[in-house]
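Here is the structure we will look at, set down as structure tokens.
The values are calculated or read from the model by the stated rules, or taken from the named source; none is laboratory data. Keep in mind that this is a model prediction, so the values were computed, not measured. FYI the Cβ positions are ideal-geometry reconstructions off the backbone, even for glycines, and counts take in every protein chain you see.
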Amino acid sequence: MILKALRYGWLLAAFWSMLAGAAEPALQGTGDLGIIIERSAGRVAIVDTSRNAILGRVGNLGDLSHASAVFSRDQRYAYLFGRDGGLSKVDLLRKVVEKRIVQSGNSIGGAISQNGRLIAVANYKPGGLKIFAADSLDLLADLPAAYGDGKRSKVVGIADLPGQRFIYSLFDADQIWIADLSDLKAPRVEKFPDIGRAPYDGLVTPDGRYYLAGLFGEDGIAMLDTWQPQAGVQRILANYGRGEQPLPVYKMPHLRGWAVAGHQVYLPAIGRHEVLVADTVNWRETARIPVRGQPVFVIARPDGRQVWVNFAFPNNGFVQIIDTLTRQVIHTLEPGKAVLHLEFTPRGEAVWVSARDDNKVLIYDTARFAKIAELSLENPSGIFFTARAQRIGF
């Protein structure tokens, strides 16, 4: 009896030890990890960019039809912003949802603070900014985007700034706001009105100094020097469509790709088959580069030597590469149907491209433009790598 009890006790201990071990992630760094949105399935695939492999999937994440993500500063956790107002914290190593809340009726994106402790969510409905603790997702502040006679605007183009600040645009109110959360008990909001009609997205330059808001209601870009905000908002690239009939816009361009290469910024022209180039010293237009269609994402390779461009329908099966020395299109790829997003590996030797309607992600060598690998995913859209955690404005 004693021997039998010892034997069963040993087996039971081994069983519980096995279960405990399964709950712990394998030893692995997080610098080469990332996620890919599988939008129709409401889940993400966790990927390894060193092995070009899918490590696992995490589901039950709600409406991911316009999802975006940021990462904790240790690159272990992804924070997902869903179109249904969902905010989800995903553990990339354990491949589980750490916590998920529905914090609004409709949200469009978010950002993480400089110290990694605050998560800001930009909301369409009700319009405003909500601030959450990164560790617990507890609500810390609610900043309604109120303007006029009690109206609330959709919030777009959110980005982080140094000093626990967030900058964002009010689509309906034609304004840029900066929220300072350095004192959570007394948040401060600085407002810049009349920036131009219908700002739809924004980016911050890699040094965190300049915020650029694209305008859907008129030609041009609204630009704010966040080091000298008292100078007010300036208008750049205001004449790119003068005298021309704009084309129908089938998909809104995105500015969150940080297409800044050296002292030049590359931006999509709304309603044009052009990429606009401006000098970041004086913010004057320096070139217009003809491309195959209406650009959606215009993204610079990390070293700034190339800019990769994808397009709205009906040219959304193509990707074009611009050489930033010659400012010429040097190559055209056809990855598949409905190319929605591109993401470079941290040092830019490869780029991952999602082809939603072909249910695949393709990986290309950026030196030879040759396909390295292909992964099968269900309606893939956004691709986000953990290297974003170390960059301002991502």
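Taking first residues from region 166-194 that are at pLDDT 95 or above and partners that are surrounded by fewer than 19 Cβ atoms within 10 Å (Cβ to Cβ) and aromatic (Phe, Trp, Tyr), the Cβ contacts under 7 Å between residues at least 6 apart in sequence or on separate chains come to Leu170/Tyr147; Ala173/Tyr147; Gln175/Tyr147. Strands (runs of 3 or more DSSP E) fully within region 165-206 that include at least 1 residues being of a type in the set (D, E, K, R) and surrounded by 20 or more Cβ atoms within 10 Å (Cβ to Cβ): 165-170, 199-204. Of all the residues in region 383-394, those that are assigned to a helix (DSSP H, G or I) and surrounded by 17 or more Cβ atoms within 10 Å (Cβ to Cβ) number 4.
One residue stands out in region 311-329 among those that are without any contact (Cβ under 8 Å) to a residue 40 or more places away in the chain and assigned to a strand (DSSP E or B): the one that is farthest from Gln294 (Cα to Cα), namely Asp323.
Within region 66-95, the set of residues being free of Cβ contacts under 8 Å to residues at least 40 places away in the same chain and assigned to a loop (DSSP other than H, G, I, E, B) comprises Gly82, Arg83, Asp84.
Table: residues versus (1) buried (at least 21 other Cβ atoms within 10 Å of the Cβ); (2) under 22 Å from the mean Cα position of the chain (by Cα); (3) among the small types (Gly, Ala, Ser).
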position: Pro295; (1), (2), (3): yes, yes, no
position: Asp303; (1), (2), (3): no, yes, no
position: Pro314; (1), (2), (3): no, no, no
position: Val329; (1), (2), (3): no, no, no
position: Ser354; (1), (2), (3): yes, yes, yes
position: Ile363; (1), (2), (3): no, yes, no
position: Ala367; (1), (2), (3): no, no, yes
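Just checking, does region 54-73 include any residue being hydroxyl-bearing (Ser, Thr, Tyr), within 14 Å of Lys95 (Cα to Cα), within 17 Å of the chain's Cα centre (by Cα) and crowded, with 18+ Cβ neighbours inside 10 Å? Checked against the condition, which is being hydroxyl-bearing (Ser, Thr, Tyr), within 14 Å of Lys95 (Cα to Cα), within 17 Å of the chain's Cα centre (by Cα) and crowded, with 18+ Cβ neighbours inside 10 Å, region 54-73 yields no hits at all. Selection of region 332-348 for residues being touching an Asp or Glu at 6+ places or on another chain (Cβ under 7 Å) and within 17 Å of Arg388 (Cβ to Cβ) yields only Gly348.
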